[in-house]
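A short write-up of the structure that comes next.
The values are calculated or read from the model by the stated rules, or taken from the named source; none is laboratory data. Keep in mind the model is a prediction, meaning the values are calculated, not measured. Note that we place each Cβ from the backbone using ideal geometry, even for glycine, and neighbour counts take in every protein chain shown.
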């Protein structure tokens with residue numbers, strides 16, 4: 001099997017994962033300022049992640 005076929009869907013996957021990571025990193029940066037809200041942070045990240053995958 002050629003690697004070219006394996007890498008074909010990579011740009012799409014990277015695009016989706018990139019969007020998710022932007023949400024995650026943004027949430028982590030905000031959460032780092034206030035560790036007491038880690039549960040709210042986790043729920044926000046989960047909601048954003050599910051929202052991105054539902055949009056795709």
Problem - Some residue of the stretch 26-37 being modelled with pLDDT of 80 or more, in contact with a helix residue (DSSP H, G or I) (Cβ under 8 Å, 6 or more places away or on another chain) and in a helix (DSSP H, G or I) - result: no
Handout entry: Test: residue 52 is part of a helix (DSSP H, G or I) and at pLDDT 80 or above
Key = no
